[in-house]
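For reference, the structure is listed below as structure tokens.
No lab work stands behind these numbers, since they all come straight from the coordinates. Computed from a predicted structure; not experimentally measured. As a convention, Cβ positions derive from the backbone with ideal geometry for all residues, glycine included, and neighbour counts pool all protein chains shown.
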Amino acid sequence: MSGVETKVPPNFIRSIVAEDVKSGKNGGKVLTRFPPEPNGYLHIGHAKSICLNFGLAAEFGGLCNFRFDDTNPGKEEMEYVDSIMRDVRWLGFDWEDRLYHASDYFERLYDWAVELIEAGKAYVDSLSADQIRQYRGTLTEPGRQSPYRNRTVPENLELFKRMRAGEFADGEHVLRAKIDMGSPNLNLRDPVMYRIRHLPHWRTGDKWCIYPMYDYAHGQSDALEGITHSICTLEYEDHRALYDWFLDNLEVPSRPRQYEFARLNLAYTVMSKRKLLQLVSERFVAGWDDPRMPTLAGMRRRGYPPEAIRNFCERIGVGKRDSLVDHGLLEYSVREVLNLKARRVMAVLRPLRVVIENYPEGQVEQLEAINNPEDPSAGVRSVPFSKVIHIERDDFMENPPKQFYRLAPGREVRLRYAYFIKCVDVVKDEKGEVSELRCVYDPATRGGDSPDGRKVKATLHWVCAANAVRAEVRLYDTLLNRPDASSEENGQTFKDFINPGSLEVISEARLEPALAGAPAGATYQFERLGYFCVDPDSTAEKMVFNRTVGLRDTWAKVAKAEGIVKKS
């Protein structure tokens, strides 16, 4: 990103790939893959994997495949498929013609399963799911062999064939690998390879009623595609032995290697698809793209630029130990991008009417305002000014404390791009609340400076009342009020920590007229207030804005002090 140098943390996987390329392993080729399951929307944790897999391939002159691991039709939907593809493209990556599905390989996976049965390395088990769990043992106790483990090869082949033919009910049988029920690694205790599910598949229809487990389909799919570096999150570290066992016991066309890195855990939210689905289905949020959600769809709707998410993923690095990332670092990455690209405008969220008594009645003048001081090429715009304006209600106090420097009775302030004004009277409603201010202006201070050199201590933003655009503004806070709510203890779940103040809707905001008809997704800096994005709910009759992020950035000092980012 122009003007910014990012200090990149060490990346052990990058080092592995670099060494493999240098040594000529895999013929010097690099082929990675991003393998989402189409059972929910992508979240920012997936963004870390996307950036890593596509980024490594690009860095070392390789390619990255995009493969849907679609082995569980009971939880998969086309809505999720479409959203995943949309999000990957939005993030800035392209798989070109390399779109694959685990379901592409169902027939080959079935044939390999038959080969394992014929080799005496797989068997049909008739225990129930609960019984299989009981027989599996624990971390301190070995598992017990199923009474069906020693079925003959012909019997297993016949049962497996009948499973495929649909002769059995769901759960009546499974196919298990015959490995080692006494292994200290629970994943090697005769894992299930196939289960019966009489469900149509979104790609294969009713062709199959048995579906492979992820642990079985994963490695062989990688091998069929010629993947060189199969990069997974850390929870699959104990599964690597199983990944290797299947590859070692089948005649696969290539031999991929699995590597694991720590998943992204972001403070004040949850990263589990199951929990995110609960938030949506139980209506704690408005949908998968609710701007409070950690989904890429939610972040896009909130106005997060894709390059900010890429920068964030690069900054947090790739490690081997799980950690909780400060939400402030993500917001810092968003501000960093928007500060350079977002157009500045003026908006008043909680308007207070101001009448400038000595300003000519009926006159409207156009004042020049800078669109972005960080980008001179953005130019200037005209902002109307007249006798009646709106300012923020918080910018006035009738009886201000000593450290309050904004508008008060008898006090003079500067209006951004406009004039000095002084409050000379306060109008109140029947409840005794301030409803209007009466002020006077100094015509000699046009543009915001005084020719006699007098100083004021505050500059306020404002909007011309006659030309203001009415808008609804949604202010978002963190979804949870506890940094880490992933553990469920003492009878509490993450839902007990949902932040009741995560959304505030302001219905009567006033915006400068330049924002009328702004397209959905357009992002602006509301001066002194923060960055805001046009929501898709906006119509010609009613503009709707989401607050993307505030202006305050305490994390920037930390980042600069630690050398994480520095201005060039």
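Things worth noting here:
- Only the Cβ atoms of Lys and Arg (+1) and of Asp and Glu (-1) were treated as charged; on that basis the dipole of region 168-327 about its Cα centre amounts to roughly 560 debye.
- Shape box of region 242-401 [Cα atoms, principal axes, largest first, Å]: 90, 41, 31
- Peptide ranges 205-216, 381-392, 41-52 listed from the most packed, as the mean C-beta count within 10 angstrom indicates: 41-52, 381-392, 205-216
- 3J(HN,Hα) from dihedral phi, region 373-385, Karplus parametrisation 6.51/-1.76/1.60, rounded to Hz, x for glycine, proline: x, 7, 9, x, 5, 6, x, 10, 9, 9, 10, x, 9
- Shape of region 190-232, Cα gyration tensor, a/c cut at 1.5: oblate
- Residues with amide H under 5 Å from that of L503, placed H, sequence gap 5 or more: D477
- Under the shape rule built on the C-alpha gyration tensor, where the axes satisfy a ≥ b ≥ c, region 142-225 is oblate, since a/c reaches at least 1.5 while a/b does not exceed b/c.
- 5 angstrom amide H check on R350, placed H, neighbours 5+ away: R393
- For region 365-479, projected area of the alpha-carbon convex hull averaged over all directions, nm²: 10.6 nm²
- Normalised by the number of residues in region 425-488, the average gap of Cα pairs under 8 Å and 6 or more apart makes the relative contact order 14 percent.
- Listed by chain and number, the lysines placed with their C-alpha closer than 17 angstrom to that of K207 are K161; residues fewer than eight positions away on the same chain are left out.
- Note on region 1-108: lysine pairs with Cα distance below 27 Å, sequence gap of 8 or more or different chains, count 6.
- The helix-based estimate of mean residue ellipticity at 222 nm for the chain, built from -39,500 (n - 2.57) per DSSP H run of four or more residues and divided by its residue count, is -8000 deg cm²/dmol to the nearest 500.
- Rounded if a/c under 1.5, otherwise prolate or oblate - region 36-95, Cα gyration tensor axes: prolate
- The shape of the chain can be summarised by an equivalent ellipsoid whose semi-axes, obtained from the alpha carbon gyration tensor, come to 60, 24, 20 Å from longest to shortest.
- K422 sits among other residues whose Cβ lies under 12 Å from its own Cβ, and their net charge, with Lys and Arg +1 and Asp and Glu -1, is 0.
- When both bridge partners sit in the chain, DSSP labels roughly 65% of those beta bridges antiparallel.
- For the chain, the Cβ-based charge dipole about the Cα centre amounts to some 1300 debye (Lys, Arg positive; Asp, Glu negative; other atoms uncharged).
- Scanning the chain for cysteines with no neighbouring cysteine C-beta under 4.7 angstrom from their C-beta gives C64, C209, C232, C423, C439, C464, C533.
- Spin-label zone in region 455-483 - amide nitrogen under 16 Å from a point set 7 Å from the Cα of K275 along the C-beta vector: 478-483
- Relative to its Kirkwood radius, the Cα radius of gyration of region 10-125 gives an Rg/Rh of 1.05.
- Its relative contact order, with pairs defined as Cα atoms under 8 Å and 6+ residues apart, puts region 1-160 at 17 percent.
- Look at the alpha carbon pairs under 8 Å that are at least 6 residues apart: their mean separation over the length of region 319-471 gives a relative contact order of 25 percent.
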